[in-house]
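A.B. asks: My structure is below; once you've seen it, I'll send some questions.
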Amino acid sequence: MKTWKEKKTIYAETFSLHFRAIKIWWKISPMIFISKSISAIYFALIPYIGIYISALFINELSNQRRPEELKNLVLLSLISALIIAVIDGIIQKWKEFYDNEYYYKKEKIFTNKLLDMDFCDIDDQKTHDKLSQIKQNENWNNSGIGKVLGMTEEILGSLFGIIGSITLSISLFIKKVPENNISMQYLSNPLFLIFIVAVMFVVIILSPLCHNKAYSFLMNNDFVENIKYTNRLYLFYYLEMISYSRAADVRIYHQNEYSISKLNESVSSYNLLYPIYKKKYAPMNSLSVAIGFILTAIIYLFVCLKAWAGAFGIGSVTQYISAITLLSHSLSKLLQTLGEMHNNTPYLKTVFEFLDIPHNMYKGSLTIEKRNDRKYEIEFRNVSFQYPNTNTYALRHVNMKFKIGQRLAVVGENGSGKTTFIKLLCRLYDPTEGEILLNGINIQKYNYNEYMSIFSIIFQDFKLLSFSLAENIAISTKYNESRVLKCLESAGFSERLKTLKKGIDTCLYKDFDDKGIEISGGEAQKIAIARTLYKDSPFIILDEPTAALDPIAEYEIYSKFNEIVDDKTAIYISHRLSSCRFCNEIAVFDNGTIIQQGSHDSLMNHKDGKYYKLWHAQAQYYTE
Ligand code: ADP
C-alpha cells in the first residue's frame, strides 16, 4: 500500500505532466484545443436547457394550465430547439474541421523534435527505441500525448455537466415540504438532506473506483507485454512485410507464412486472459454497474417522496431526476477520466523522455567570412573520438591540415574511421578530445548552419527525394534551369536526361507521380553529384562515390573529377585505392589513426607501409 505522501507525489506528477502536454497542444495547435474545449462545454450544457423547459411545461400542464403561458412555453421550446440545432451543426463541423488536423499536428510534435535534435542523438539507437515505444503505446491503446486532448474534452464536459446538474437540482434540496404535512417534515430536515447527499457521493465515487479496479485486472504485466509484442508483430506484418525492399525475399522464402504464424501464435496467447476476465474483471465490473443502480434508486425515492409530500410539482420531478442522473453520469465520467490520467502518466513520461533529449552540442554565433577566393583552411588538432555509449575510440590522435584547393583522398579498410573523420569535419559530431579549427578558430564557435553551408557531401547512404529531378538538385521549388542542366551534365547525367520526356521536371520514383521514374544506383549517384555541384560550397566531400557505379560510369567520374571539383577543396573517401590515385594527397587510415600521408608515388616507395600492402592486395581486382 502506498502512503498518502507517495500518493500525493504521484497525483502531483500526473497533473503536472498532463498540464505540460496541454501546453504543448496549445502551442502546436490552439484551434484544435479551442474547438474541442468549446464543443465539450456546449454539448455538456445543452441537455439541461431541454430538461428545464420540459419541467416548466409539465408543471404548467399539471397545475394552472394557463393558455397564454402554455403558448409561450411551446414557442420557447421551438425557438430554443431551432437555435440549438443550428449551433450544434456549426460546432460539430467546426470541430470536425480541426479534428482532421489532429494526426498531423500530433506527428509534428515528434517531427519537430527529430529535426531539431543533435545528429549524435538521431544516430543513437536509444532515441529510435524510445520513439518506437511511443508509437506502439499510441497504437495499442491510444496512450500518450494524443490522449491528453480527448481527456481534456472529457474533463471539461464532465465539469460543466456537474455545474449544469447542480444548478438544476439545487432547488430539490431547498424546496420545503408544506408545513401542514407534519408526518413528512423529516424530508426537509438538514441532517436528512446531508445524509442523502453523502450516500449519493459515496455511491458516485465507488462505482468508477470499481470500474477502474476491474480494468486494472486486465493490465497485469504479462498481458501488457504480450499486447505490446503482438502490436509490434502486427505493425511488422502489415507495414514492413509489404514494403518493396522485402518483396523479393518474401516471395522466395515464403516469409509471409512464417510471420503470420508468429503473429497467430502471439494473438492466441490472449486466451490466457479469459480466466482473469471471467473471475476478476466481470464480477468487479458488474459491481460497478450495480452500485450505479443504487444511486438511481435513491434519487427516485427521494424526489418522489418530496413530490408526494407536496414540495414541488410533477414537472420538477422530471427535472430533478434527469439532472441528478446526469450529475451522477458526469461525476463518474470525471472520476473515470482522472483514473485514465493516472494510467496515462507512464506513457506521457516516455513521451517527455523523448522530447527532453537535451541539446548537448554547443552552437556558437560567429559568422563565417564569405570569401570569393574560397580560402578556408581546416585543421584537425590531436582529435580523438568515441561514439556515444561505446568504450572504444573510432578516431585517435588525428592531426591533419587541409591545404586550399587540395584534392585529398582518405583511404583505409572498412571500419578504419574514414566516415567518422568526415562526420567530425562537418560537425555532425564533436570530438571527444582535441579540436578542429577553421581559419584558426575552433569550429564550435561558428554559427552551426553557416558552418554546415561550406560543405557539400555525398554520403554512402545518401537519399534522393520523390520530387522532380530539378528540385532534387536545387533542394528548392525555385531553381536556375541552366545551372541545373550544367550540373547534370558535369555529373555525367546528360545521356539519360535526353531519354526523359519531361526533362528536369521528371519526377523521381512513383510516390507522388505515376509517371515518376525508377533510377539505378549509378544514376542516383550522378544526381547526388549534380546536387553537390549546385550547392557550390568551398568543400566537396565524396564518401565512396563510385561504390554503386559500373566501371564505365566510375571512369567517367574520375575523368571529370577535376572539372567537377574545380577550385574547391575536395575530400575523396574510398577503400578502393585505384580510385584515389589522381588525388595529390592521400591519408591512410588504420584503426582510427592516420598512419601514412603523402602522394601516391611517395607512399608506394614505402614497401613495408600499409598503402603499399593494400595496393597490392587490391591489385588483383583491377588492371592497371
Ligand atoms: P569507415 O568509414 O572507414 O568504414 P567508420 O568511420 O564508419 O569506418 O567506422 C569507424 C569505427 O566506428 C568502426 O569500428 C565502426 O564500427 C564504429 N562506428 C561507426 N559508426 C558508429 C556509430 N554510429 N556508433 C558506434 N560506433 C560506430
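A.B. asks: Can S466 be described as away from the ligand (no atom under 16 Å from the Cβ), farther than 23 Å from K568 by Cα and in contact (Cβ under 8 Å) with a residue 24 or more places away in the chain?
C.D. replies: Against the criterion (away from the ligand (no atom under 16 Å from the Cβ), farther than 23 Å from K568 by Cα and in contact (Cβ under 8 Å) with a residue 24 or more places away in the chain), S466 qualifies.
A.B. asks: Right, something else. Six or more apart or on different chains, Cβ under 7 Å: which pairs go from a residue in segment 563-580 that's among the aromatic types (F, W, Y) to one that's within 16 Å of the ligand (Cβ to nearest atom) and assigned to a helix (DSSP H, G or I)? Could you list them?
C.D. replies: Y572/C580
A.B. asks: Residue check: is K106 farther than 22 Å from E153 by Cα, at pLDDT 90 or above and out of contact with any His (no Cβ under 7 Å at 6 or more places or on another chain)?
C.D. replies: no
A.B. asks: Tell me, yes or no, whether segment 100-107 has at least one residue that is more than 19 Å from the chain's Cα centre (by Cα) and not acidic (D, E). If you could, list the steps in order and put the result at the bottom.
C.D. replies: Step one: list which residues in segment 100-107 are more than 19 Å from the chain's Cα centre (by Cα), which gives none.
No: zero hits.
A.B. asks: Pick from segment 188-222 the residues that are farther than 20 Å from S165 by Cβ and aliphatic (A, V, I, L, M): which of them is surrounded by the most Cβ atoms within 10 Å (Cβ to Cβ)?
C.D. replies: Selected residue: A214.
A.B. asks: Looking at segment 388-410, which of the residues that are near the ligand (Cβ under 9 Å from one of its atoms) and among the hydrophobic types (A, V, I, L, M, F, W, C) is nearest to I458 (Cα to Cα)?
C.D. replies: In this case the residue turns out to be V410.
A.B. asks: Would you list the helices (runs of 4 or more DSSP H) that sit entirely within segment 414-528 and hold 3 or more residues that are surrounded by 21 or more Cβ atoms within 10 Å (Cβ to Cβ)?
C.D. replies: 418-425, 469-474, 481-490
A.B. asks: Within segment 421-463, take every residue that is touching a strand residue (DSSP E or B) at 6+ places or on another chain (Cβ under 6 Å) and within 30 Å of F512 (Cβ to Cβ) and give me the one that is nearest to the ligand (Cβ to nearest atom).
C.D. replies: Here the residue is Q460.
A.B. asks: For segment 269-359, list the helices (runs of 4 or more DSSP H) that sit wholly inside it and hold at least 3 residues that are under 38 Å from the mean Cα position of the chain (by Cα) and in contact (Cβ under 8 Å) with a residue 60 or more places away in the chain; which are they?
C.D. replies: Correct list: 282-308, 314-355.
A.B. asks: I would also like to ask the following. Across segment 223-242, what is the total count of residues that are part of a helix (DSSP H, G or I) and surrounded by fewer than 14 Cβ atoms within 10 Å (Cβ to Cβ)?
C.D. replies: Residues of segment 223-242 part of a helix (DSSP H, G or I): 223-240.
Subset that is surrounded by fewer than 14 Cβ atoms within 10 Å (Cβ to Cβ): 224-225, 236, 238-240.
Total meeting the criteria: 6.
A.B. asks: Among the candidates I28, I38, which residue alone is under 20 Å from L159 (Cβ atoms) and touching a residue at least 24 places away in the same chain (Cβ under 8 Å)?
C.D. replies: Result of the check over I28, I38: I38.
A.B. asks: Can you find a residue in segment 97-117 that is in contact (Cβ under 8 Å) with a residue 40 or more places away in the chain, among the acidic types (D, E) and outside any helix (DSSP H, G or I)?
C.D. replies: For segment 97-117, residues in contact (Cβ under 8 Å) with a residue 40 or more places away in the chain, among the acidic types (D, E) and outside any helix (DSSP H, G or I): present.
A.B. asks: Could you figure out which of (1) within 22 Å of the chain's Cα centre (by Cα); (2) at pLDDT below 90 isn't true of E60?
C.D. replies: The single condition E60 does not satisfy is (1).
A.B. asks: Let me ask another. Mind listing whichever residues of segment 15-50 are among the small types (G, A, S) and surrounded by 15 or more Cβ atoms within 10 Å (Cβ to Cβ)?
C.D. replies: Matches in segment 15-50: A21, S29, S35, S37, S39, A40, A44.
A.B. asks: Given the conditions (1) loosely packed, with under 15 Cβ neighbours inside 10 Å; (2) without any contact (Cβ under 8 Å) to a residue 24 or more places away in the chain; (3) more than 30 Å from L355 (Cα to Cα), and given that L73 satisfies all but one, which numbered condition is not satisfied?
C.D. replies: So L73 meets the others, but not (1).
A.B. asks: Let me ask another. Looking only at segment 181-215, which residues are touching a Gly at 6+ places or on another chain (Cβ under 8 Å) and within 17 Å of Y300 (Cβ to Cβ)?
C.D. replies: V203, S207
A.B. asks: Also: Would you be able to say whether some residue in segment 3-19 is part of a helix (DSSP H, G or I), over 27 Å from K333 (Cα atoms) and over 22 Å from the mean Cα position of the chain (by Cα)?
C.D. replies: no
A.B. asks: Every residue in segment 344-353 that is modelled with pLDDT of 95 or more and of a type in the set (F, W, Y), please.
C.D. replies: Within segment 344-353, F352 is the sole residue that qualifies.
A.B. asks: One residue is enough: does segment 364-387 have a residue meeting the conditions away from the ligand (no atom under 16 Å from the Cβ), closer than 29 Å to K126 by Cβ and not aliphatic (A, V, I, L, M)?
C.D. replies: Taking segment 364-387 first, the residues away from the ligand (no atom under 16 Å from the Cβ) are 364-379, 381-382.
Restricting the remaining residues to those that are closer than 29 Å to K126 by Cβ gives 364.
If we keep only those that are not aliphatic (A, V, I, L, M) too, we end up with 364.
There is at least one residue in segment 364-387 that is away from the ligand (no atom under 16 Å from the Cβ), closer than 29 Å to K126 by Cβ and not aliphatic (A, V, I, L, M).
The values are calculated or read from the model by the stated rules, or taken from the named source; none is laboratory data. Just so you know, these numbers come straight off a predicted model, no measurement behind them. Cβ: placed from backbone, ideal geometry, glycine included. Neighbour counts: every protein chain shown.
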